[in-house]
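**Student:** Sending over a structure as structure tokens; questions will come in a sec.
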Amino acid sequence: MRVALLTSANGWRGSGVSYAKIARGLLDRGHDIQLVTAVPRLTARLAGLGLPVTEMPGRDTGPREVRALLTVLRRLAADAVLADTPRDVRLAAYATLLRRARVIYRYNLNYRRPRTHLMDRVYLGRVAALIYQSRWIRKEALAHAPWLARKPDYWVPNGYDVARYAPRPEAGPRFRAANGIAPDAFVVLTLAKLARYKGQEVAMAALDRLRRDGTPVVYVVCGDGAREAELRAVAGSLALATVFTGLLEPDDVVAALAASDLVVHPSLREIFPNAVGEAMACARPVVAVDAGGTRELLGWDGATGLLVPPEDPDAMAQAIGGLIADPDRRATMGAAARRRIETQFPLARMVDGYELALGEVVRR
């Protein structure tokens, strides 16, 4: 197959990570793949991984952008376009009027209010099939546009490379030393973009409650984004020991996870969070907000991680405090989390799902 993977995402942790996995998996199976992006830093990261990527000019949905995508589709002789955002669907709808290729929509979160006017329905009418990463996001999609139920769809959860993301106990002390963290400190880590909906301030409030009750922790915040200055100010006002690492490379993510005693994922909306899956693969115990599709990944019986209500620092503090006091439970939970990733969400199963979906749509 010849497939263009089109994404207008401006960050790495979500769609960027997933598209890199899809592209590498399909390339390794002999398919012709071309990534198409709209943001220079995402382009640079994908190129740094040795993936074929081209960047479109601009972030609008005008003639220039349509021509740029059409040029890529013609050069690739594309059979299909995998679209990642509503803007990508609009671009693909226009471009495939002039170059026959199937449009598959990997339905993503839209943080703006969904539009329902006629043209949006026209754009989605060009979609041949949808791929949902979680059952929750399918339910969300059909609540906004019930008529999408008439289109073929596929459930393809994210998968994780359990060889790359694995326990690396020897890397933890090096990470702590490089970031000025004491060897005996209890480290709580969050791996997410520094954006409003990711909820780091809720985790800070929970950890401050523990600190005031006599349980000191070091909070490690991995990621970059527009809220860094704001979150630094929040941590400073709470006198909470906090380390901001910025955006990390994959090997550094593994080292950061190895240095942590517990991972907290306070995000308020998620489809199927890569950060949680990577932590689980590295055998870290996780406390996560029960939002979106997170429970489909983490599980809900408490064996592989704990779920807490959204925007509830007290509940989060209670869950974290209980695990701080019980190292045996943390170890058991981390081991069970890794087994869950190995058996239910390996990377090969994710690639299988995209290969099957794309192949069936192209043949139809």
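Derivation of every value follows stated rules applied to the coordinates shown; laboratory data play no part. Fair warning: this is a prediction, and the values are worked out from it, not measured in the lab. Positions of Cβ are generated from backbone atoms using ideal geometry, with glycine treated the same way; all protein chains shown enter the neighbour counts.
**Student:** Once both axes come from the Cα atoms, what is the angle between helix 86-95 and the longest principal axis of the chain, in degrees from 0 to 90, rounded to 10?
**Tutor:** 20 degrees
**Student:** Taking K and R as +1 and D and E as -1, what net charge do the other residues with C-beta under 15 Å from the C-beta of ASP60 add up to?
**Tutor:** Summing Lys/Arg as +1 and Asp/Glu as -1 gives +2.
**Student:** Before anything else, pin down the relative contact order of region 8-99: Cα pairs under 8 Å, at least 6 apart, normalised by residue count, whole percent.
**Tutor:** 26 percent
**Student:** Okay, moving on. To the nearest 10 degrees, how steep is helix 347-363 against the longest Cα principal axis of the chain, on a 0 to 90 scale?
**Tutor:** Relative to the chain, helix 347-363 is tipped by roughly 20 degrees.
**Student:** Would you mind pulling out the separation of the Cα centroids of region 123-150 and region 168-231, in Å?
**Tutor:** 36 Å
**Student:** Per-residue counts of other Cβ atoms within 10 Å, averaged by peptide: what ranking do you get for 95-102, 262-269, 315-322, highest first?
**Tutor:** 262-269, 315-322, 95-102
**Student:** May I ask for the distance between the Cα centers of region 43-77 and region 291-364, given as a whole number of Å?
**Tutor:** The two parts, judged by their Cα centres, are 33 Å apart.
**Student:** How large is the charge dipole for the chain, taken about the Cα centre, if only the Cβ atoms of Lys, Arg (+1) and Asp, Glu (-1) carry charge, to the nearest 20 debye?
**Tutor:** For this selection, approximately 1620 debye.
**Student:** So, one more: What number comes out for the charge environment of VAL243, summing +1 per Lys or Arg and -1 per Asp or Glu over other residues with Cβ under 12 Å away?
**Tutor:** +2
**Student:** Counting Lys +1, Arg +1, Asp -1, Glu -1, what net charge surrounds GLY299 among other residues with beta carbon under 12 Å of its beta carbon?
**Tutor:** 0
**Student:** Any lysines with Cα under 23 Å of the LYS139 Cα? List them, leaving off those in the same chain fewer than 8 positions away.
**Tutor:** By straight Cα distance, LYS139 reaches LYS151, LYS198.
**Student:** Along the charge dipole of the chain, Cβ charges K/R +1 and D/E -1, which of VAL36, ALA233, GLN133 sits furthest on the positive end?
**Tutor:** Positive-end residue among those listed: VAL36.
**Student:** Taking a temperature of 4 °C and a viscosity of 1.567 mPa s, what whole-number D in µm²/s does Stokes-Einstein yield for region 171-344 with Rh from Kirkwood over alpha carbon pairs?
**Tutor:** In µm²/s, the coefficient rounds to 83.
**Student:** Could you state the angle between the C-alpha long axis of helix 63-76 and the longest principal axis of the C-alpha atoms of the chain, as a value from 0 to 90 degrees rounded to the nearest 10?
**Tutor:** 80 degrees
**Student:** Report, in deg cm²/dmol and to the nearest 500, the calculated mean residue ellipticity at 222 nm for the chain, where each DSSP H run with n ≥ 4 adds -39500 (n - 2.57) and the sum is divided by the residue count.
**Tutor:** Mean residue ellipticity at 222 nm (helix-derived): -13500 deg cm²/dmol.
**Student:** Also, quick follow-up: About its Cα centre, what dipole magnitude does region 171-344 give when the only charges are +1 on Lys and Arg Cβ and -1 on Asp and Glu Cβ, stated in debye to the nearest 20?
**Tutor:** 100 debye
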